[in-house]
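Have a look at the structure below before the remarks.
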Amino acid sequence: MANVQMPRLSDSMETGKILRWLKKEGDEVLKGEPLVEIESDKANIEVEAYASGKLSKIVVPEGESAPIGAVIAEIGSDTGAAPPTAPAAEQEQKSKPVAAEAPKPQNAKPEARVAQADKAVPAAAQAAADSGGEQYPQGGPDDRMEAGAAAQAALSAIRGPNGPDEARAGEPQRVSPVARRLAEEHGVDLRQLQGTGPGGRITKEDVEAAAQRGATPAPTLSRQPTPRPTGEVEIVELSKMQATIAMRLTQSFSAPHFYVTSEIAMDDAVRLRQMFNEAVSKDEAISINDLVVKAVALALTKFPEVNASWADGRIERKRDINIGIAVGLPDRLIVPVLRNADQKSLKDIARESKQLIERARTNKAAAQDYVGNTFSISNLGMYDVDQFTAIINPPDSGILAVGSIEDKPVVKDGQVVPGKRMRVTLSVDHRVFYGVTAAQFLQEVKRLLQSPMALVL
């Protein structure tokens, strides 16, 4: 008999919640086969079986939580031999993220929950990925934009397998959230598909196969305004990730923040980006955010006191320069980490940033994608936000909030000429470094962006 234990899926995880068992009691299980979906404080992870045999007992049912190391299931061996207990650390290495259905909000009428979920804006998540930065709709890491696959997952969970689907009349109801998102991306009409999943459920594989066959595109449906419910209060229960985000941001804001803002001339940076992208393939194209990441990383090499954390009454200066890139998702805010950014070329930064953001946006990021940050960047420039301040992302001591590039009249050599200007605001933990250091660091970031050839060489 092999005990399946609750694995540690992140450095800060203490308990995990069973989202869905992928096998039922009595099913045969093969080693390495996906067994269960678990929600940690950072991501939803698909955990593989560590041993082969029959799933003899599910100890922790769906919807319930258990601490790390607790037995959540038992796998019996048909040979009678007792396979070794799966260590939590090894199960952690075997785990990998997948998109999971969002929890169903409680204490709200179905109509109200559908109206809430239908407010998702899928284009916003794509804009974040295209821009190379994120982002939040209003300017602090505690704000989250509503977009993309997770919103569709929430909508699917709210409507249920047999409930009405007003936005997709006639579409089969048993559709996994990932399959629904893929169908929208590839223009596949779900009404033409026969699901191969349990109970006829349409899976990701069904949609991918249809896309390769060239299934008839789904018709474009206009979205009608949903009347706002009156006289109701909707209670939205937080997921473990949302609760952890709220706790960490509350802890962060207890640190003594101060803010320094500067306006940067981006004329040369914009021209450099245009020339660079004309010389490379689309996959190698860089964004303004990539230039900012590179400038910040190089500035941190000159100001190591900024690349530091406050810990137990002392300051820890980090040797690695790992830049967190804030990405807002429908149900949470995450900050995937670009490691050793000071040692990477612009092309490498652009490529890895796109990969990190895409994995985060599609719920395919691994737990290690979110740890080790030493400084963070939040970019709202693509949303026409000229300036904002961000809350520091623990354990960092600073975060740079980046606004949009604006065309402005500027004075140059005594003449008023058009210019491109971008405002950035540095949020600082005053316990770690002080105003003069913050100003000098921001001055170096500004110098690099105004003389951007230094970012390429």
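The values are calculated or read from the model by the stated rules, or taken from the named source; none is laboratory data. These numbers were taken from a predicted model, which means no experiment stands behind them. Neighbour counts are summed over all protein chains in view; Cβ atoms, including those assigned to glycine, are modelled from backbone coordinates with ideal geometry.
Table: residues versus (1) farther than 26 Å from Asp384 by Cβ; (2) in contact (Cβ under 8 Å) with a residue 60 or more places away in the chain; (3) among the hydrophobic types (A, V, I, L, M, F, W, C); (4) in contact with a helix residue (DSSP H, G or I) (Cβ under 8 Å, 6 or more places away or on another chain).
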site	(1), (2), (3), (4)
Val416	no, no, yes, no
Gly419	no, yes, no, yes
Arg423	no, yes, no, no
Leu426	no, yes, yes, yes
Arg431	yes, yes, no, no
Thr437	yes, yes, no, no
Ser451	yes, yes, no, yes
Val456	yes, yes, yes, yes
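Can you report the number of residues in region 412-432 which are closer than 23 Å to Glu316 by Cβ and surrounded by fewer than 20 Cβ atoms within 10 Å (Cβ to Cβ)?
Restricting attention to region 412-432, the residues satisfying the condition of being closer than 23 Å to Glu316 by Cβ are 426-432.
Next, from what is left, pick out any that are surrounded by fewer than 20 Cβ atoms within 10 Å (Cβ to Cβ): 430-431.
Number satisfying all stated conditions: 2.
Inspect region 362-382 for any residue being at pLDDT 90 or above, of a type in the set (Asp, Glu) and surrounded by fewer than 23 Cβ atoms within 10 Å (Cβ to Cβ) and give the result as yes or no.
no
Being in a loop (DSSP other than H, G, I, E, B), of a type outside the set (Phe, Trp, Tyr) and free of Cβ contacts under 8 Å to residues at least 12 places away in the same chain narrows it down to one residue among Arg319, Arg271; which is it? Please lay out each step first, then the result.
Details: Arg271 fails: in a loop (DSSP other than H, G, I, E, B).
Residue meeting the stated conditions: Arg319.
Just to verify a result, which residue in region 275-288, among those that are crowded, with 21+ Cβ neighbours inside 10 Å and touching a helix residue (DSSP H, G or I) at 6+ places or on another chain (Cβ under 6 Å), is farthest from Ile405 (Cα to Cα)? So that I can check it myself, show each step before the final result.
To start, the set of residues in region 275-288 that are crowded, with 21+ Cβ neighbours inside 10 Å comprises 286-288.
When the remaining residues are screened for being touching a helix residue (DSSP H, G or I) at 6+ places or on another chain (Cβ under 6 Å), the result is 286-287.
Values: Ile286: 16, Ser287: 12 Å.
Here the residue is Ile286.
Scanning region 322-349 for residues that are hydrophobic (A, V, I, L, M, F, W, C) and assigned to a strand (DSSP E or B), which turns out surrounded by the fewest Cβ atoms within 10 Å (Cβ to Cβ)? Steps first, answer last, please.
Our first condition is that a residue be hydrophobic (A, V, I, L, M, F, W, C); within region 322-349, this holds for 323, 325-327, 329, 333-335, 337-338, 341, 346, 349.
Those left that are additionally assigned to a strand (DSSP E or B): 323, 325, 327, 329, 333-334, 337-338.
On the way: Ile323: 29, Ile325: 30, Val327: 27, Leu329: 24, Leu333: 25, Ile334: 25, Val337: 18, Leu338: 25.
Top of the filtered list is Val337.
Please determine, by comparing only the residues of region 53-63 that are at pLDDT 90 or above and part of a loop (DSSP other than H, G, I, E, B), which one is surrounded by the fewest Cβ atoms within 10 Å (Cβ to Cβ).
Of all residues in region 53-63, those at pLDDT 90 or above come to 53-62.
Filter once more, so that each one left must be part of a loop (DSSP other than H, G, I, E, B): 59-62.
Details: Val59: 15, Val60: 20, Pro61: 9, Glu62: 12.
So the residue we want is Pro61.
Looking at (1) farther than 17 Å from Thr244 by Cβ; (2) at pLDDT 90 or above; (3) touching a Ser or Thr at 6+ places or on another chain (Cβ under 7 Å), find the lone condition where Val47 falls short.
With respect to (1) farther than 17 Å from Thr244 by Cβ; (2) at pLDDT 90 or above; (3) touching a Ser or Thr at 6+ places or on another chain (Cβ under 7 Å), Val47 is out only on (2).
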